[in-house]
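Take a look at the structure set out below.
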Amino acid sequence: MSRGKPVQDGVRVKLPEGVSWAELAALSAEEIKQRNLWPAGFLPLPHPHHEAGGMVFPKVLIEETKRQSARDLTRVDLDFDLPEHFLPEFPAPIYLTTRLDLGDVSQGKLVTLDNFDEIFRDILNPKQLEGLRLLVTPFPQQQFNASADRRSLKAHSGVACFDCHANGHTTAATHTVGDIRPNEHRHRIDTPSLRGVNIQRLFGSQRAMKTIEDFTEFEQRGAYFDGIPADATRKGSNILERGSQVHFMAEFQALLDFPPAPKLNLFGKLDPAKSGESEMRGQELFFGKGQCATCHTPPYYTDNLMHNLKVERFFKEVTINGRRASADGPIKTFPLRGIKDSPPYLHDDRLLTLDDTVEFFNLVLELKLNAQEKKDLVVFMRAL
Ligand code: HEC
Ligand code: HEC
């Protein structure tokens, strides 16, 4: 990844007994469904405790936050479920569109209320700095607050935006989406990186809100309290003021750039002089046989739209650990710029590696790629 954490490779999703990936790809969606051959790892991933739901943080983030501030983001009822080596780099580097000459400005630290001023006061204007202060300030939330039905051991000041979007990126902290009922149909949601929100036009994997300001306001009013206004009132919702707070927070978020991709030219395509043969073949497949570029349009590899991939064509509805595997509906085309830095993949983190995403799309788009073509596509995506 950008600061050197190893990128995990290989297909990690297990095949059902008795079939190979190539044999599976030769079958129709209906045959895969009727014979129950859809790999279990391609089904929607349940929340670590689907019935309980709510915000859950990985251990590295909990430990570093405790070390800096004594604020404990441990839940008494459950732990985060994915192993550390599959998560994004921590702490993640930070690239500012206004000061790309500086490279990573994080100084290798997790940016918190305790250190943001020292790290940023000379490179942000006072308005941006105030926006950042609000992004690192904890506010009450459904599981972390002062009420008796909270999920922290002690009464709690709450969570900060950058507990999840750590250093403006992501730690893969997870949550359940607020707008679907009943609970068994609610999607697990991965924290998306905030890098590159300035070039995006839709926010939230399913909500498609139209501005960063709207999403910022919605997080604390809606998402923080699982879409239950009465709980927001009872547990102490922090109502942000649109003109002086939401706007400042959005302004800082819009400074967060994608990580450097030195092989890409101004069109977002590979410079042949800097690229290997496999990368060049991967690019050709991405724009040709793979049809990936229909939705992942350069230079940032998103069309800024939602698409319904209709993955439910391939499986019969089944309930796993409290999550009913049903239709996902339309989901945002996440940008693939910097994608090697943001595992796990898809809106619910069901795929651990880029190799998994290629096997997934090979089946979903019925592409019939061969083994070499799949490798080349992965190599290309790592260069983005
Ligand atoms: C649970 C940890 C968590 C916290 C805390 C959190 N977010 Fe998020 N954020 C998410 C998740 C998960 C999503 C994806 C939502 C979805 O898919 O519908 C998201 C989405 C977003 C998006 C849209 C990104 C995109 O690419 O579509 C923005 C902007 C955002 N959050 C800003 C904020 C701000 C500002 C705060 C603080 C007020 C905040 N977030 C607090 C987890 C968190
Ligand atoms: C019809 C539009 C469409 C096409 C074609 C398409 N994608 Fe996607 N892609 C999406 C959508 C929508 C998502 C989000 C799905 C989800 O989260 O459930 C996505 C997600 C991804 C992700 C994970 C992004 C993340 O941040 O988690 C990767 C990687 C990816 N696509 C690679 C590919 C590759 C490689 C191809 C070609 C073989 C391809 N896509 C073709 C629409 C498309």
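Structure above, values below:
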| item | result |
| --- | --- |
| Residue check for residue 13: in a loop (DSSP other than H, G, I, E, B), surrounded by 15 or more Cβ atoms within 10 Å (Cβ to Cβ) and either hydrophobic (A, V, I, L, M, F, W, C) or assigned by TED's automatic domain parsing to the domain that holds residue 177 (or both) | yes |
| Residues within segment 300-325 that are under 21 Å from the mean Cα position of the chain (by Cα), within 18 Å of residue 363 (Cα to Cα) and not hydrophobic (A, V, I, L, M, F, W, C), tallied | 3 |
| Matching residues in segment 318-373 - criterion: being within 7 Å of ligand 2 (Cβ to nearest atom) and β-branched (Val, Ile, Thr) | 331, 333, 339, 357, 358 |
| Some residue of segment 357-369 being of a type in the set (A, V, I, L, M) and under 30 Å from residue 90 (Cβ atoms) | yes |
| Residue identified as surrounded by 19 or more Cβ atoms within 10 Å (Cβ to Cβ) and either within 16 Å of ligand 2 (Cβ to nearest atom) or outside any helix (DSSP H, G or I) (or both) among 248, 258, 267, 252 | 258 |
| Check on residue 272, within 20 Å of residue 97 (Cβ to Cβ) and either over 23 Å from the mean Cα position of the chain (by Cα) or surrounded by fewer than 19 Cβ atoms within 10 Å (Cβ to Cβ) (or both) | no |
| Single residue of 155, 172, 146 found to be crowded, with 19+ Cβ neighbours inside 10 Å and either in a loop (DSSP other than H, G, I, E, B) or among the polar types (S, T, N, Q) (or both) | 172 |
| Hits in segment 193-232 (condition: within 10 Å of ligand 1 (Cβ to nearest atom), aliphatic (A, V, I, L, M) and closer than 20 Å to residue 346 by Cα) | 194, 197, 202, 208, 209, 223 |
| Selection count where residues are closer than 14 Å to residue 384 by Cα and part of a helix (DSSP H, G or I), scope segment 288-316 | 2 |
| Failed criterion for residue 64 (all others in (1) within 16 Å of ligand 1 (Cβ to nearest atom); (2) of a type in the set (D, E, K, R); (3) within 30 Å of residue 361 (Cβ to Cβ) hold) | (3) |
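A quick yes/no check of all residues on (1) crowded, with 20+ Cβ neighbours inside 10 Å; (2) in contact with a helix residue (DSSP H, G or I) (Cβ under 7 Å, 6 or more places away or on another chain); (3) polar (S, T, N, Q):
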| site | (1), (2), (3) |
| --- | --- |
| 28 | no, no, yes |
| 45 | yes, no, no |
| 63 | no, no, no |
| 79 | no, no, no |
| 94 | yes, yes, no |
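The values are calculated or read from the model by the stated rules, or taken from the named source; none is laboratory data. All values reported here derive from a predicted model rather than from experimental measurement. FYI the Cβ positions are ideal-geometry reconstructions off the backbone, even for glycines, and counts take in every protein chain you see.
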